[in-house]
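The block underneath contains the structure these notes are about, expressed in structure tokens.
Readers should treat all values here as calculations from the given coordinates under stated rules, not as data from a laboratory. In this text the structure is predicted, and so the values were computed from the model without any measurement. So basically every Cβ, Gly included, is an ideal-geometry build from the backbone, and we count neighbours across all protein chains shown.
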Amino acid sequence: MNYQWYPGHMTKAKRMMQENIKLIDLIIELVDARIPLSSRNPDIDELGKNKTRILLLNKADMADPVYNSQWIRYFENRGMYVLEVNSRAGTGVKNIQGLVREACREKIERDKKRGIVNRPVRAMVAGIPNVGKSTFINTFAGKACTKTGNKPGVTKGKQWIRLNKNLELLDTPGILWPKFEDQEVGRRLAFIGSMNDEILLKGELACDLIKVLRQLYPDALSSRYDIELRGEEPEILKEIARSRKCYSKGESLDMEKASAILLEDFRSGRLGRITLEQPDEGCED
Ligand code: G4P
């Protein structure tokens, strides 16, 4: 299966972001803590190359805590302001205002010297689809001001949100980029649900996920489904189907259903706290 998804509304959204970048002091980029590298959009990186950057490791509650700390160090060493957050529960979100002030201290000082007081910091909130941007904005802004949903690409159009007199946020639609140089990146994005599921072959994706998990977190599979990890991945998927009693007509196994269950269990954190990407040893400085 070839992993790629770049519908027209993403091209439009990217253009909107490019047009607005001059109004922005700061980019708040959300990544998924389970795949902090693959969930970074190189186009957003390029867009923000001359801007102050805050990186939020969102869904940190579903990622391995050991790696969360390593990833924070990794990105801080690369000049970013970094926080781990759980936007759904609000954990870590209250620290963001302080971090914004710290990140924009120079701008605020500069404004003060020029006699400009009370000009709010303007931040663009950006990230890939389904990374939790709407949930984050709702939690951060303290009210249901954006629509959230479980389908990638729900947030559309341009939206400014005034948090208080010091901070304004520009919400942007979740975007991917035109070509994944490394198909592994596309596969991981599909695992976490950032690609349109309708274009994916669920059975193949589920087998790919089994392959990765049996290497990195074998207990997650065996204990969740009470199975032994023997044989090739399709065999293991059959075991999952049996364990979850996924049968279609008669006695035949419903592999489509078993695949959906596995993917949903992973995406919702029911397989435990899992991080699929670890910083290279050389990067842990
Ligand atoms: P988006 O705007 O970036 O597309 O993402 P959105 O906020 O719609 O979030 C996508 C899914 O991720 C939602 O789940 C949301 O609750 C969940 N989510 C967002 N941030 C976090 C987090 O930090 N931790 C966890 N565990 N989940 C998070 P859903 O099941 O699709 O919807 P719902 O049932 O929660 O409404």
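Evaluated with a Cβ-only charge set (Lys, Arg +1; Asp, Glu -1), the stretch 201-268 carries a dipole of roughly 160 debye about its Cα centre, given to the nearest 20.
What the phi angles of the stretch 207-222 give under the Karplus curve with 6.51, -1.76 and 1.60, with θ = phi - 60°, is a coupling list of 5, 4, 5, 4, 4, 5, 5, 5, 7, 8, 9, x, 5, 4, 6, 5 Hz, glycine and proline written as x.
Listed values for the stretch 30-45 are Karplus-derived 3J(HN,Hα) couplings in whole Hz (6.51 cos²θ - 1.76 cosθ + 1.60, θ = phi - 60°), namely 8, 10, 8, 4, 7, 9, x, 8, 5, 8, 8, 7, x, 5, 5, 4, and x replaces Gly and Pro.
Under a Gaussian network description of the chain, with springs only between Cα atoms under 10 Å, the residue in R15, R230, R101 that fluctuates furthest is R230.
Each 10 Å bin, from zero up to the one with the longest distance, holds this percent of the alpha carbon pairs of the stretch 8-171: 10, 41, 38, 10, 1. Over the stretch 43-108, the Kirkwood radius and the radius of gyration, each from Cα atoms, give a ratio Rg/Rh of 0.98. Amide H contacts for L167 (H built 1.01 Å from N in the peptide plane; partners 5 or more residues away or on another chain; cut-off under 5 Å): V121.
Across the chain, the volume of the C-alpha convex hull divided among the residues equals 137 Å³ per residue.
Scalar couplings 3J(HN,Hα) for the stretch 171-185, obtained by applying the Karplus form with A = 6.51, B = -1.76, C = 1.60 to θ = phi - 60°, are 7, 10, x, x, 10, 9, 10, x, 8, 7, 4, 10, 5, 4, 5 Hz; x denotes Gly and Pro. The radius of gyration of the Cα set in the stretch 201-268, together with its Dmax, comes out at 10.9, 35 angstrom. Which listed residue (I44, F75, I161) has the Cα farthest towards the positive end of the charge dipole for the stretch 8-171, taking +1 on Lys and Arg C-beta and -1 on Asp and Glu C-beta about the Cα centre? Sorting the options by dipole projection puts first I161. Are there any GluC sites (Glu not before Pro) in the stretch 168-225 that are in a DSSP loop and have at most 12 other Cβ atoms within 10 Å? List them by number. Of the GluC sites (Glu not before Pro), the ones in loops of the stretch 168-225 whose Cβ has at most 12 other Cβ atoms within 10 Å are E181. With a threshold of 31 Å on the Cα-Cα distance, the over-threshold entries among K179/K245; K49/K94; K14/K112; K12/K238; K22/K202; K133/K257 are K179/K245; K14/K112; K12/K238; K22/K202.
Close amide H pairs (under 5 Å, H built 1.01 Å from N) link I175 with G127, I128, residues at least 5 positions away or on another chain.
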